[in-house]
Amino acid sequence: MDIITTEKLTKFYGSERGIEGVSINVKQGDIFGFIGPNGAGKSTTIRTLLNLIFPSSGTSQIFGKDTVTESAEIKKKIGYLPSEVNYYDNMSVEDLLNFSATFFPNTDNKYRKELCERFALDTTREVNELSLGNRKKVAIVQSLMHRPELLIMDEPTSGLDPLMQTEFHQVLKEANKDGTTLFFSSHILGDVQKICNRVSIIRNGVIEANEDIDSLLARQLKKVSLVLNDDAKEEQFAKEEISKLNLLHQRVSFTYSDSPNELLRFIAQLEVKDLTIEEPTLEDIFMHYYE
Amino acid sequence: MNKALYILELKRNLKSFLIWGSVVLFITVFILLLFLSFADMGESMQVMMEGMPEGMVKGFGMNVDIYTNVLAYYSTYFGLHIMILTGIFAITMGANILSKEEREKTSEFLLTRPISRTEVINSKLAAYFTLLSILIVLQTLSGYLTIDYVSEAPFDNGIFITLSIYGTLLTLLHGALGWALSLIPKRGKAITGPLIGVVVGGFVCSAISKISEDSEFLRWISPFSYVSFDVSLPNYSLDPVTVIVFLAIIAALHVLVYVSYNRRDLDG
């Protein structure tokens, strides 16, 4: 079953383009990654889906319902985790969660308590005294406590420390197992790789690719830096899989686009003093595949 | 209407309501009590009033017999101080109750709950009318009771009611202007200053327009000009057309808010 479908969704702010012709499709049970650099149109897409802004043209449905005309109905079964968390001042965490719960009759109080404990959230604190990371935790609890059928997240891990990120990924996986479809926007490829099964890549307001994470992984790209025992020679690295080659005496760096096994075999033939293999940035991927 | 949002708005506006409410009640009662001492000086005060420049008397809506007739006395400062105070309270509350969400970026949180934009306005409008009604009722009651206390002779209830209805209409119109002005998109700017300007400026325009014929055109732009607080006029009574026009404009401004808010892109 389709949870989210958008058909040529377009949003212009005056003459400035937000998104153009965005068509994506999220199926029930998906952990869907929506990736792109900052300013690519991720938030615009999400805000349009949530009817915070109105599309200039195109349509979108969630649970088969129109996101403009049936928005309030749709939101009964949605959780939303914003990138920037802004809450009412002069409210304790407890008050805020209670307030939010009044909108969702199916709030699971036991689950809410469990989430607060797992994220070590002090619910007696005032919301406006909280650090960025703690506000994010409130937002996480708030977005999940009514066990939504769809959880929409905009840069969810920003502001969370690594320990909490791991806990958060665990919570997401459990929620997904219990039937929540996840829609996850991020500019960090690693985040998406860890958890998503399908991705859409957006850049400059336009969808560049809709892919399974497996096919994206199959076309892996690694940034490799080597220090050799002897000076490097260019002909040693004249291979189809190698691009952006940089040589300086014993130091070599390049981008490698084949399976890790092939890469290791290739490196094994060399006399290597030091080796670093890094994740490419999203920009590297874009430059490599989509230009 | 959403009950939780309604209660939240009552709480969020309670402090400002208590401050404005106390000031309005204090001025209503305190200035009326002063009448007791003016009344003792009755005639000499009236002689002084007659010696004042006519323009000033008209501009401030003062009656010649304000120190001998309690309703004339009350209407003078009701049409000035009380109307400016309740007007500023109504216009700032009306302008902020909706736009505050966008300015403080809480609209994203609120509107991702299952609530329609119409319900948001309904709930906020209900909270606004609740607090404003309490303010108007308390002001009217305290005014009536204090007049009753300081007045030696019986006074005309009809005139008091007319004054109060005009006052309520003017206050509701200022509030509705606030609601409508809050829809003009502006990022993160507080608008309290200009709002006070609308109310006080409206009063000043109306006052100046009464002073000379050259400035009479100013009356057209001021809501103050369309209601009369001059109880010394013969046959001072409620004009049904004025009431209907005021109610129609107030309703139209609120409809505009519903229509516009249901179509706009949210900032925060």
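The values are calculated or read from the model by the stated rules, or taken from the named source; none is laboratory data. Just so we're clear, the structure is a prediction, and the values are computed from it rather than from any experiment. Cβ atoms come from the backbone with ideal geometry, glycine included; neighbour counts cover every protein chain shown.
Just for region B:69-116: of the residues that are without any contact (Cβ under 8 Å) to a residue 60 or more places away in the chain and among the aromatic types (Phe, Trp, Tyr), which one is nearest to the other protein chains (Cβ to nearest Cβ)?
Here the answer is B:PHE109.
Name every residue in region A:182-207 that is assigned to a strand (DSSP E or B) and of a type in the set (Lys, Arg), in order of residue number.
Correct list: A:ARG198, A:ARG203.
Filter region B:200-215 for residues that are β-branched (Val, Ile, Thr) and farther than 11 Å from B:GLY55 by Cβ; which is surrounded by the fewest Cβ atoms within 10 Å (Cβ to Cβ)? Give the steps one after another, and end with the answer.
First pass over region B:200-215, keeping only residues β-branched (Val, Ile, Thr): B:200, B:204, B:208, B:211.
Imposing the further condition that a residue be farther than 11 Å from B:GLY55 by Cβ reduces the set to B:200, B:204.
On the way: B:VAL200: 13, B:VAL204: 15.
Restricting to residues being β-branched (Val, Ile, Thr) and farther than 11 Å from B:GLY55 by Cβ, the top hit is B:VAL200.
The conditions are (1) under 16 Å from the mean Cα position of the chain (by Cα); (2) surrounded by fewer than 21 Cβ atoms within 10 Å (Cβ to Cβ), and A:HIS249 fails exactly one of them. Which is it?
A:HIS249 satisfies every listed condition except (1).
State yes or no: is B:TYR166 among the aromatic types (Phe, Trp, Tyr), under 21 Å from the mean Cα position of the chain (by Cα) and crowded, with 22+ Cβ neighbours inside 10 Å?
yes
Filter the strands (runs of 3 or more DSSP E) completely within region A:1-67 down to those with at least 1 residues that are among the hydroxyl-bearing types (Ser, Thr, Tyr).
On the way: elements: A:2-13, A:16-22, A:25-27, A:31-35, A:57-62.
Fully inside region A:1-67 and qualifying: A:2-13, A:57-62.
Here is a check on your reading of the model: is B:SER225 in a helix (DSSP H, G or I), in contact with an Asp or Glu (Cβ under 7 Å, 6 or more places away or on another chain) and more than 14 Å from chain A (Cβ to nearest Cβ)?
no
Can you name the condition, by its number, that B:SER228 falls short on among (1) more than 16 Å from B:MET56 (Cα to Cα); (2) over 17 Å from the mean Cα position of the chain (by Cα)?
That leaves (2) as the condition not met.
Where residues in region A:100-115 are in contact with a helix residue (DSSP H, G or I) (Cβ under 6 Å, 6 or more places away or on another chain) and more than 11 Å from B:PHE109 (Cα to Cα), which of them is nearest to the other protein chains (Cβ to nearest Cβ)? Explain how you work it out, then say what you get.
To start, the set of residues in region A:100-115 that are in contact with a helix residue (DSSP H, G or I) (Cβ under 6 Å, 6 or more places away or on another chain) comprises A:100, A:102, A:107, A:115.
Next cut, more than 11 Å from B:PHE109 (Cα to Cα) only: A:102, A:107, A:115.
Details: A:THR102: 4, A:THR107: 12, A:LEU115: 18 Å.
Among residues in region A:100-115 that are in contact with a helix residue (DSSP H, G or I) (Cβ under 6 Å, 6 or more places away or on another chain) and more than 11 Å from B:PHE109 (Cα to Cα), the one nearest to the other protein chains (Cβ to nearest Cβ) is A:THR102.
Taking the stated definitions as given, is A:ALA72 among the hydrophobic types (A, V, I, L, M, F, W, C) and more than 22 Å from the chain's Cα centre (by Cα)? Step through it out loud before you land on a result.
On the way: among the hydrophobic types (A, V, I, L, M, F, W, C): yes; more than 22 Å from the chain's Cα centre (by Cα): yes.
Yes: the conditions hold for A:ALA72.
Can we say A:GLU73 is of a type in the set (Asp, Glu) and assigned to a loop (DSSP other than H, G, I, E, B)?
On the way: of a type in the set (Asp, Glu): yes; assigned to a loop (DSSP other than H, G, I, E, B): no.
No: the conditions fail for A:GLU73.
Out of all the residues in region A:213-226, is one or more under 19 Å from the mean Cα position of the chain (by Cα) and either of a type in the set (Asp, Glu) or modelled with pLDDT of 85 or more (or both)?
Yes - at least one qualifying residue is present in region A:213-226.
Within region A:88-104, does at least one residue satisfy the condition of being surrounded by fewer than 15 Cβ atoms within 10 Å (Cβ to Cβ), over 26 Å from the mean Cα position of the chain (by Cα) and within 29 Å of A:ARG198 (Cβ to Cβ)?
no
Name every residue in region B:162-176 that is β-branched (Val, Ile, Thr) and without any contact (Cβ under 8 Å) to a residue 60 or more places away in the chain, in order of residue number.
Selection gives B:THR168 alone.
Take A:LYS77 and decide whether it is surrounded by fewer than 22 Cβ atoms within 10 Å (Cβ to Cβ), basic (Lys, Arg) and within 10 Å of another protein chain (Cβ to nearest Cβ).
Yes, satisfied.
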